[in-house]
Each structure stands twice: as structure tokens, then as C-alpha cells.
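A.B. asks: This is the structure, below, for whatever I ask next.
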Amino acid sequence: MTKKNIFKGKIIDKKLEILSSKDFNSLIESLDEQEVEIHIIPKKKNRTSRQNASLHLWYTHVSDTLNEHGIDVKVFFDFYKTGEIEHAWSPELVKEIIWRPVQKSVTRKTSTTQLTTDEIDKIFDPINKLFGEKFGIFVDFPSIEGLITREELT
């Protein structure tokens, strides 16, 4: 099997600019006279800092809501018949026990820093659906509009 060489670049004025041109040029020289395949794949944007802040705020809202409804970690795990932990939720537990397993399943990514902007919804939607169908709770994903409304209500 041949080694895959991946180079990042940008298309500027309809021309490809390789970001690590020295390594790229060395590879091209070593492959002189050989037939090659070239794959160009548009890079998706990583999640924004606002999405990250909203994600962590959502973990807090979920943990507060689950605790208010008496759904401790044991109750949640009993639902899945997999655990025996019995204590209150925290944002960290929401991230590690609820968010991260769905994230890994949906995206094959282990860190939220690797998520693209559109992957947040692909993870959030099934979790929120589960909360509504199985526990009767809904926790909106934080948005600027929602935070302004929430502030006006308090």
C-alpha cells in the first residue's frame, strides 16, 4: 500500500496555493514521471467560539434541568440498564456521559474542538429528541436571541 500524502492549500483567484510548498515540491520531485491521483476536498469550518460557549452553557442547562426533574445519573443509566451511579448532574457529566458518546457515534470525532459548525445540530437533535420522548424535558440550545429573552424574563 502506498503512503497517502495530504497537503493543505487554498484556492485563491482560481489557483491552488499549497500551504507547505517545500514538502509538496519535494514530493512532486520524487514522483517525477509517475502517474498520480489528486483529490481536492473542501475543508469544512470548525465550530465557532460562540458555538463552543453555547455548547458548554447547554451542558449547564441540561444538568440543571435533569436535576430539577429528579433525573439523576442512576435514573438515566437505569433507563439504559448500564450503570449504577447515583448523584446529581454537572455540566461535565452531561458532556462526558450524554454528549460525547453521541458525538463519537455521529462524527467519529473524540473532541468538540474537531467539530464542524453543522455537526453540532447532528449531535444535539437526537439528544434533545430523547430528552423529550423519554423524560418529557426540552432544553433549547443556547442562542443570542434566547439569552436576551431569558434575561428579559428575569
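A.B. asks: Would you mind checking which residues have amide H under 5 Å from residue 9's amide H? H placed 1.01 Å from N; only 5 or more apart, or other chain.
C.D. replies: Under 5 Å from the amide H of residue 9 lie the amide H atoms of 19, each far enough along the sequence or on another chain.
A.B. asks: Here is a further query. Using the structure shown, select from 4/95; 44/129; 15/44 the pairs with a Cα to Cα distance greater than 23 angstrom.
C.D. replies: Values: 4/95 34 Å; 44/129 26 Å; 15/44 19 Å.
Violating the 23 Å limit, Cα to Cα: 4/95; 44/129.
A.B. asks: Could I ask something else about it? Taking just the alpha carbons, could you work out the radius of gyration and Dmax for the chain, both in angstroms?
C.D. replies: 22.2, 71
A.B. asks: Find the relative contact order for the chain and round it to a whole percent, using C-alpha pairs within less than 8 Å whose residues are 6+ positions apart.
C.D. replies: Values: 115 pairs, mean separation 33.4, N = 154.
Over the chain, the number comes to 22 percent.
A.B. asks: While we're on this one: Compute log10 of I(q)/I(0) for the range 1-43 with the Debye formula, placing one identical point scatterer on every Cα and leaving out solvent, at q = 0.15, 0.22 Å⁻¹, to two decimals.
C.D. replies: For the requested q values the scattering log ratios are -0.42, -0.89.
A.B. asks: What ranking do 36-45, 20-29, 128-137 get when scored by the average of other Cβ atoms within 10 Å per residue, highest first?
C.D. replies: 128-137, 20-29, 36-45
A.B. asks: Return 144, 6, 120 ranked ascending by Cβ neighbour count within 10 Å, so the fewest neighbours appear first.
C.D. replies: With the sparsest Cβ surroundings first, the list reads 6, 144, 120.
A.B. asks: Hey, can you grab everything whose amide H is under 5 Å from the amide H of residue 137? Only 5+ residues off in sequence or another chain; H modelled, so Pro and N-termini drop out.
C.D. replies: Under 5 Å from the amide H of residue 137: 132.
A.B. asks: Between residue 29 and residue 3, what FRET efficiency follows from the Cβ-Cβ distance if R0 is 22 Å, with the result rounded to 0.05? Before the final figure, lay out each step's value.
C.D. replies: Numbers: r = 16 Å, r/R0 = 0.71.
Computed FRET efficiency for residue 29 and residue 3 comes out at 0.90.
A.B. asks: Test of understanding: what is the full-extension gain from residue 143 to residue 104, defined as 0.36 nm times their sequence separation minus their Cα-Cα distance?
C.D. replies: 11.6 nm
A.B. asks: Apply the membrane-span-like helix rule to the chain: whole DSSP H runs, Cα extent along the own long axis of at least 27 Å, mean Kyte-Doolittle hydropathy at least -1.0. List the helices found.
C.D. replies: Helices passing the filter in the chain: 49-68.
A.B. asks: Let me ask you something else. Along the Cα→Cβ direction, 7 angstrom out, place labels at residue 39 and residue 69. What is the inter-label distance in nm?
C.D. replies: Rounded to a tenth, the inter-label distance reads 4.2 nm.
FYI, it's all coordinate maths here, none of it is from the lab. Small disclaimer: the values here were computed from a predicted structure and weren't measured. Backbone-built Cβ (ideal geometry, glycine too); neighbour counts: all protein chains shown.
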